[in-house]
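As structure tokens, the structure follows; a few thoughts come after it.
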Amino acid sequence: MDFTEYNGKRVIVTGCSSGIGGATAKALIGLGAEVHGVSRRRPDLDLAAFDSVDLGDPEAIRAAFADRDEHVDAVFNCAGLAPMFPAADVLRVNFLGTRLFTELVVQNMSEGGAIVTTSSDGGAAWRKRLPLLTEFVAVESFEDGAAWYDERESEAGHAYAFGKEALNLWSMQQSSVLIKRGIRVNITTPGAVRTPMLDVIEKTYPPELAAATERPIGRASTPEEQVVPLLFLNSSMASYVNGADLVVDGGYGAMESAAGHFFNV
Ligand SMILES: NC(=O)c1ccc[n+]([C@@H]2O[C@H](COP(=O)([O-])OP(=O)(O)OC[C@H]3O[C@@H](n4cnc5c(N)ncnc54)[C@H](O)[C@@H]3O)[C@@H](O)[C@H]2O)c1
């Protein structure tokens, strides 16, 4: 694959402080892209620009991006909060903030632009819960989103899975809206990835829980193994790929689907 087309392109990578976002930003810099990072902590990378923005805070997101008018070629949404954080924070960062950020940035994108978002195998059951998710995704403000979840938590379930399911549905909705402007929207579904997030998960939850998602391949992926799928989806090589979920999980989802488990739709 020829990724040299990223040379000179202005791209935004969220969550570039570590893990998948860090590896993606590094690869894009190596390909000559003008990489703008958005995260909590500036990484030791040669970024063209960096915004320290809390993607869980709507005012901070608006302050940083509402009035920008510089053209953006591609967005890599890699920021995310791990499952053990408070539910309200997880929903704010993983869905509400990612959505608001993307909505503001897409105003500066044009035909040929592309957005890819790292979802999770935790969100893979979204097609099974469309009525509930459609209601939640229609909620506009952060406050209403938090109130909705407070009221419906027993139906919605864990905020990490629910937030990723909402992200998936919203991305699929956007793929049919933004393609009218020539902008493609796709997601990837990573399985276990050896990043600081996985380290924290392994320290918090019983070891067999994380180990289960490393089947059948027998190991977690490296962050770098997540990068090429992301680069591909946002490149013109994927010009007819829109509304796709590229599963990058070593076969975990396929194994669960074949066994009739929760990946089945
Ligand atoms: N690691 C895994 O096993 C795994 C599996 C499936 C999906 N994912 C998803 O992949 C994405 C990347 O995760 P990772 O594994 O690289 O984890 P990571 O913890 O290494 O990276 C997460 C990034 O998000 C940023 N971030 C977190 N909260 C933020 C906030 N409030 N505002 C701005 N930036 C914030 C962090 O600074 C960091 O750069 C996440 O969306 C995660 O849910 C990870």
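Of all aspartates and glutamates in the structure, those lying under 19 Å Cα to Cα from LYS203, and not within fewer than 8 positions of it along the same chain, are GLU214. Summing Cβ point charges (Lys, Arg +1; Asp, Glu -1) relative to the Cα centre of the stretch 22-126 gives a dipole of roughly 320 debye. For the pair ALA147 and ASP2, label points projected 7 Å from Cα toward Cβ lie 5.5 nm apart.
Each Lys and Arg Cβ is given +1 and each Asp and Glu Cβ -1; about its Cα centre, the chain then shows a dipole of about 440 debye. Straight-line cross-link partners of LYS26 among the aspartates and glutamates, defined as a Cα under 20 Å from its Cα and at least 8 positions apart when in the same chain: ASP2, GLU5, GLU34, ASP44, ASP46, ASP51, ASP73, GLU224, GLU225. The stretch 7-120: D in µm²/s via Stokes-Einstein (Kirkwood Rh, Cα pairs, 20 °C, 1.002 mPa s)? Translational D for this selection: 153 µm²/s. A straight chain from GLU59 to ILE217 at 0.36 nm per residue would run longer than the Cα-Cα distance by 52.6 nm.
Can you compute the helix-only [θ] at 222 nm over the chain? Use -39500 (n - 2.57) per DSSP H run of at least 4 residues, normalise by all residues, nearest 500 deg cm²/dmol.
Roughly -12000 deg cm²/dmol at 222 nm, from the helical runs in the chain.
Each of the peptides 158-166, 199-207 was scored by the mean count of other Cβ atoms within 10 Å over its residues; in descending order, highest first, they stand as 158-166, 199-207.
Legend: ranking of residues SER257, SER221 from fewest to most surrounding C-beta atoms inside 10 Å; resulting order SER257, SER221.
May I ask for the net charge around ARG40, where only other residues with Cβ less than 14 Å from the Cβ of ARG40 are counted and Lys, Arg are +1 while Asp, Glu are -1?
Overall, the nearby charge balance is -1.
One equal scatterer on each Cα of the stretch 4-257, no solvent, Debye formula: the resulting log10 I(q)/I(0) at q = 0.09, 0.16 Å⁻¹ is -0.35, -1.23.
Put in order of Cβ neighbour count within 10 Å, fewest first, the listed residues MET255, MET1 become MET1, MET255. Going by neighbour counts of Cβ atoms within 10 Å, the residues VAL185, VAL248, VAL228 line up, fewest first, as VAL228, VAL248, VAL185. Put the Cα centre of the stretch 243-261 next to the Cα centre of the stretch 119-140 and the gap is 17 Å.
Taken together, the values in this text are just the output of simple stated rules run on the coordinates, not laboratory data. Only a predicted model underlies this, so the values are computations on that prediction, with no experimental measurement involved. Heads up, the Cβs are rebuilt from the backbone with ideal geometry, glycines too, and the neighbour counts pull from every protein chain shown.
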